[in-house]
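Structure first, then comments.
The values are calculated or read from the model by the stated rules, or taken from the named source; none is laboratory data. Nothing here was measured: the structure is a model prediction, and the numbers come from that model. Cβ atoms come from the backbone with ideal geometry, glycine included; neighbour counts cover every protein chain shown. Areas reflect the complete protein model, heavy atoms only, side chains present, ligands, DNA and RNA absent. Shrake-Rupley method; radii C 1.70, N 1.55, O 1.52, S 1.80 Å.
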Amino acid sequence: MRYHYKKPKNFVPMYGERHICSHPVYNTCTLFKIRDKGIAVIQQRFDRKTKSTWWGEVDPWLCNDLYLHPNFKKYFDERAHERIEGLYPTVTVRQMMWALKMKPMPKERWETVFDRKEI
């Protein structure tokens, strides 16, 4: 049996901030920042009317669980960098959850993936 990450009933997002930038793949993301280093996390969205997808910020109910995970600091130290030309290193929320060994979210049919470590 496969277990998936479930949205909590009560949550107060405290970690991560919405960051607007001019990245070629997305316009907005969730930025986790410690001092001068940061890592941008994106999540894919779907519009049922137009049947189109886009990348944007992570669901607010997921941010605390990512940031407070015991392996987050190690992952952050390995992947985060200072901003280069206005952009931070980017990962998808699935890449981060996989690296932190968290339960995955249910995968939708319309989702695509990046087959590279760097986005």
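Which condition does Met96 not pass, out of (1) open to solvent by less than 60 Å² (accessible area, probe 1.4 Å); (2) within 27 Å of Asp47 (Cα to Cα); (3) in a loop (DSSP other than H, G, I, E, B), if it passes all the others?
Only one criterion is unmet by Met96, namely (3).
Within the range 14-36, track down each residue that is open to solvent by 50 Å² or more (accessible area, probe 1.4 Å), closer than 18 Å to Met96 by Cα and not aliphatic (A, V, I, L, M).
The answer is Tyr15, Glu17, Arg18, Lys33.
Sort out which residues of the range 37-56 are open to solvent by 60 Å² or more (accessible area, probe 1.4 Å) and either modelled with pLDDT of 95 or more or part of a helix (DSSP H, G or I) (or both), and write them in order of number.
Lys37
Go through the range 57-88 and give me each residue that's assigned to a strand (DSSP E or B), among the aliphatic types (A, V, I, L, M) and over 16 Å from Ile20 (Cβ atoms). Lay out the reasoning, then the answer.
Filtering the range 57-88 down to residues assigned to a strand (DSSP E or B) leaves 81-82, 84, 87.
If we keep only those that are among the aliphatic types (A, V, I, L, M) as well, we get 84, 87.
Scanning the range 57-88 gives a single hit, Ile84.
Just checking, which of Ile34, Ile42, Ile84, Ile20 is within 26 Å of Tyr3 (Cβ to Cβ) and either out of contact with any helix residue (DSSP H, G or I) (no Cβ under 6 Å at 6 or more places or on another chain) or hydroxyl-bearing (Ser, Thr, Tyr) (or both)? Spell out how you get there, then give the answer.
Values: Ile34 fails: within 26 Å of Tyr3 (Cβ to Cβ); Ile84 fails: within 26 Å of Tyr3 (Cβ to Cβ); Ile20 fails: within 26 Å of Tyr3 (Cβ to Cβ).
The match here is Ile42.
Among (1) open to solvent by 50 Å² or more (accessible area, probe 1.4 Å); (2) in a helix (DSSP H, G or I), which single condition is Arg109 missing?
(2)
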